[in-house]
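What follows is one structure encoded as C-alpha cells, with my remarks underneath.
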Amino acid sequence: MRRNSIKPGDVWTDTNGKRIQAHAGAIFYENDTFYWYGENKEKTDGKNGIWTWGVKYYSSKDLYNWKDEGYLIRPELQDESSHLHPKNWLDRPHIIYNEATRKYVCWLKFSGEIGCFGILTADRFAGPYTMVRDNVRPYGEQVGDFDIARDEMTGKAYLYFEYDHTGVAAYELSDDFLDVQGKGEFFYVGIKTPFTREGVTLFQRNNQKYILTSGMTGYVPNPSEAARFEEWLGPIEIQGNPHVNDETGASFNSQISQVFKHPGKRDLYIALADRWVPEYPMTREKSDIFTRVIASQFDPAYSATEEEMMQLTGAPLLGSANTSIADYVWLPLRFEDDKVFIDWKEEWRVEDYI
C-alpha cells in the first residue's frame, strides 16, 4: 500500500511491507533521489547480544515510500574483534560528500568501552565502503553521539561530538574530512547525568547554525534542547526545549538523529527521530521521576524515594532493549525569527510546504 503522508510514531514499512531498519539515521539526497540510511536493528531483540546488523539504506522519490536497497555497510560476521561485528556497538552513521577528493566519507561511532570513531570512504554513495581510519578519538577521550555539518557557503565541514559523558566538543574537519584540525571548542561542560548532552544534531538555516541535543538516559527518551550560534565553533546561545506542548516530557517519545533540509522546499527542515522503545512510553510525570532517580545517583541535590526507584524497575536498558520494533518520529521544524520549535502532528505532507 502506497503512502501519501508521514505519520509520526506509526509503524513504517518499506515497499515490500517490511519494517524499515534505518535507525539513528539520516537522509542523503542525490540525483533527484532521497537515500535514508541508518542502523539495522532487525535482529536486536535485547536478548541475543546483537547490537547492530550493519547499515542499511533505502531509496525514495517522495519521502513516503521507501525501497530496500540492501546494505550500505555490511556486518563483519567472521571477526568478532572487528568494530563492524554485530555484537559491537556501531551507532549513528553520518555520510558527507567531499567534492575535492570525490569521496563519500562515512563517520561511525563505536560505543561502550571502545568509545571511538571509525571512518570509511567510497567512490559512490552506494559503496562499497572501506575503513580508512579506526579507533579515532579527536580529544583523546571516549567519544559518544555526534554529527557532521558542512557550511553552505564555504564547504568546510565541522564535527560536534559528546565526549566521555562530560561535554560536547567541536572541531573543524580537515580538507579531506578524515580528521580534525585546529583548536577545538567545548560546550555543555560539567553537566552531570542525566542532563549531559548527547543525541548531537547539527543544521544550518541561512547564516544561523543550530545544535539539537538530548539528555543521557539510554534508549528511554528525555527532553531535548536547542541552541543557536553564528559561528561554527561557537559561542552558542541556549534556546531551551524546542518540543512545544509536549505532554510526554520526553521529546514526543523520541530522540533526534538528523535535521534534513528538503532540497525542493524553501524552508522545510525535517527532524528525523527514533522512538527506540515504543512499548515503554513516557508521560510528563514518569519522565520527571525517571530524571530524578537517575540524577540522584550523580548529584546529591536530587533525591528519589524507594517507591519511585521501584517504578523504574523494568525500564529498557541499552543492552536489553528490543529495538527491532523501534519506530520513527519525523516532524517539520517551525521558526520564529531565529528560534526553532517542533510541534506534534498526527499526520503531515511535504506538499503542504512551499
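Can you find, within region 227-254, the residue that is nearest to Val189 (Cα to Cα) among those that are hydroxyl-bearing (Ser, Thr, Tyr) and buried (at least 20 other Cβ atoms within 10 Å of the Cβ)?
Let us first name the residues in region 227-254 that are hydroxyl-bearing (Ser, Thr, Tyr), namely 248, 251, 254.
Right, trim to buried (at least 20 other Cβ atoms within 10 Å of the Cβ) and you get 251, 254.
Working: Ser251: 22, Ser254: 24 Å.
Checking each candidate, the answer is Ser251.
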Filter pass, Phe161 being crowded, with 21+ Cβ neighbours inside 10 Å and modelled with pLDDT of 95 or more: yes
Residue match in region 9-16 (condition: aliphatic (A, V, I, L, M) and modelled with pLDDT under 95): no
Number of the exception - Ile238 against (1) assigned to a loop (DSSP other than H, G, I, E, B); (2) farther than 26 Å from Ala22 by Cα; (3) not small (Gly, Ala, Ser): (1)
Test: residue in region 166-174 that is more than 24 Å from Thr213 (Cα to Cα) and either out of contact with any helix residue (DSSP H, G or I) (no Cβ under 9 Å at 6 or more places or on another chain) or not basic (Lys, Arg) (or both): yes
Filtered residues of region 39-56 (kept if over 16 Å from Asp327 (Cα atoms) and within 18 Å of the chain's Cα centre (by Cα)): Trp51, Trp53, Gly54, Val55
Residue match in region 190-200 (condition: small (Gly, Ala, Ser), over 21 Å from Asp299 (Cα atoms), part of a strand (DSSP E or B) and in contact with a Leu (Cβ under 6 Å, 6 or more places away or on another chain)): no
Per-region count, region 217-239, residues farther than 15 Å from Thr291 by Cβ and of a type in the set (Val, Ile, Thr): 2
Residue list for region 49-84, restricted to those being outside any loop (DSSP other than H, G, I, E, B) and either farther than 24 Å from Tyr29 by Cα or in contact (Cβ under 8 Å) with a residue 24 or more places away in the chain (or both): Val55, Lys56, Tyr57, Tyr58, Ser59, Ser60, Lys67, Asp68, Glu69, Tyr71, Leu72, Ile73
Subset of region 307-346 that is among the polar types (S, T, N, Q) and over 17 Å from the mean Cα position of the chain (by Cα) - its residue that is farthest from Trp66 (Cα to Cα): Gln311
Positions within region 13-42 being in a loop (DSSP other than H, G, I, E, B) and either crowded, with 19+ Cβ neighbours inside 10 Å or in contact with a Ser or Thr (Cβ under 7 Å, 6 or more places away or on another chain) (or both), in sequence order: Asp14, Ile20, Gln21, Ala22, Asn40, Lys41, Glu42
Subset of region 22-48 (residues that are touching a residue at least 40 places away in the same chain (Cβ under 8 Å) and more than 17 Å from Ile95 (Cβ to Cβ)): Lys41, Glu42, Lys43, Thr44, Asp45, Gly46, Lys47
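The values are calculated or read from the model by the stated rules, or taken from the named source; none is laboratory data. As the structure is a computational prediction, the values presented were derived from the model and not from experiment. Glycine gets a Cβ as well: all are built from the backbone with ideal geometry, and neighbour counts include every protein chain shown.
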